[in-house]
Amino acid sequence: MDLGLKGKVALVTGGGRDVGREIALTMAGEGAKVAVNYNRSADEAEAVVAAIEKAGGEARAYQCDVTDYASVQAMVAGVVEDLGSVDILVNNAGFVIPRLFTETTPEDWKAQVDIGLYGVIHCCHAVAPHMIAQKGGRIVNVTGDSARVGEKFLSVTAASRGGVLSLTKSLARELGPSGVTVNCVAFGLVQTDHTDKAWLEKNYDKIVRQYPLGRIGRAGDIAPMITFIASEGASWITGQILSINGGYAMVG
């Protein structure tokens with residue numbers, strides 16, 4: 001199935017590792033030109049770019065701290081100048097401090113909200129004028145199902161993600177008349193290269209019992225849905241929260 005992404009420009013925040021890496025590679029495989037955003041891990045982002053180019057695609061790495069609005073504006077301007085446009089924005093960058101709420105600090109709250117909520121606001125605000133001007137675009141916000149159902153140890157993370165859910169719906173209404181869709185993909189626990197292996201091994205049996213499909217997620221489980229939502233095939237889908245979670249949460 002041709003998803004119609006050939007020649008489109010996709011900006012993926014946190015695109016150098018884990019789920020973001022899979023999103024970048026999958027979109028490039030569909031013919032999109034990919035702007036791989038990173039903050040500190042330049043080597044990882046450049047490795048993604050190299051993999052895309054080796055496969056015959058086009059990609060560039062862009063350093064930017066999404067908590068800094070001026071930096072986000074500069075990144076978006078750079079992507080437009082280098083690659084021609086921003087047709088797709090995937091807000092994948094996030095930050096989690098798993099801790100009981102009573103044991104968290106204001107510094108913990110700020111770090112998670114600045115990246116998980118303000119980072120999304122900054123990126124959406126920076127790309128929206130470009131998408132409005134070109135009369136089309138796709139914004140896909142990546143969150144976790146903790147925002148939909150709540151989760152112990154993730155209260156502040158869930159709160160910031162909940163803000164993203166509301167932002168998604170509101171922007172869908174505002175930007176829809178310009179042909180811009182805005183959706184959110186939420187997922188359950190996904191094992192990545194940066195998962196705490198000791199913690200996962202200790203708790204695996206208890207965790208996996210919460211998933212009807214009998215396993216936790218993999219980074220590759222998420223990217224196909226995000227790529228579809230960013231495609232022409234999803235042109236009549238907006239304002240939706242789509243969960244990929246192995247059945248962990250089933251909310252109507």
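The values are calculated or read from the model by the stated rules, or taken from the named source; none is laboratory data. Since we're looking at a predicted model, the values are computed, not measured. Note that each Cβ is placed from the backbone with ideal geometry, even for glycine, and that neighbours are counted across all protein chains shown.
The figures follow:
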item: Identity of the residue in the range 23-42, more than 15 Å from residue 88 (Cβ to Cβ) and touching a residue at least 12 places away in the same chain (Cβ under 8 Å), that ends up nearest to the chain's Cα centre (by Cα); result: 38
item: Close pairs from the range 46-63: first farther than 18 Å from residue 6 by Cα, partner surrounded by fewer than 17 Cβ atoms within 10 Å (Cβ to Cβ), Cβ under 6 Å, at least 6 apart; result: 61/46
item: Exclusive hit being of a type in the set (Val, Ile, Thr) and without any contact (Cβ under 8 Å) to a residue 12 or more places away in the chain, set 195, 227, 238; result: 195
item: The listed residue being at pLDDT 95 or above, out of contact with any Lys or Arg (no Cβ under 6 Å at 6 or more places or on another chain), assigned to a loop (DSSP other than H, G, I, E, B) and crowded, with 19+ Cβ neighbours inside 10 Å, out of 168, 238, 227; result: 238
item: Residue in the range 241-252 that is buried (at least 20 other Cβ atoms within 10 Å of the Cβ) and within 22 Å of residue 128 (Cβ to Cβ) present; result: no
item: Residue list for the range 159-190, filter: within 16 Å of residue 132 (Cα to Cα), touching a helix residue (DSSP H, G or I) at 6+ places or on another chain (Cβ under 6 Å) and small (Gly, Ala, Ser); result: 178
item: Selected residue [under 18 Å from residue 39 (Cβ atoms) and at pLDDT 95 or above] from 76, 80; result: 76
item: Breaking point among (1) surrounded by fewer than 24 Cβ atoms within 10 Å (Cβ to Cβ); (2) over 22 Å from residue 192 (Cβ atoms), for residue 97; result: (2)
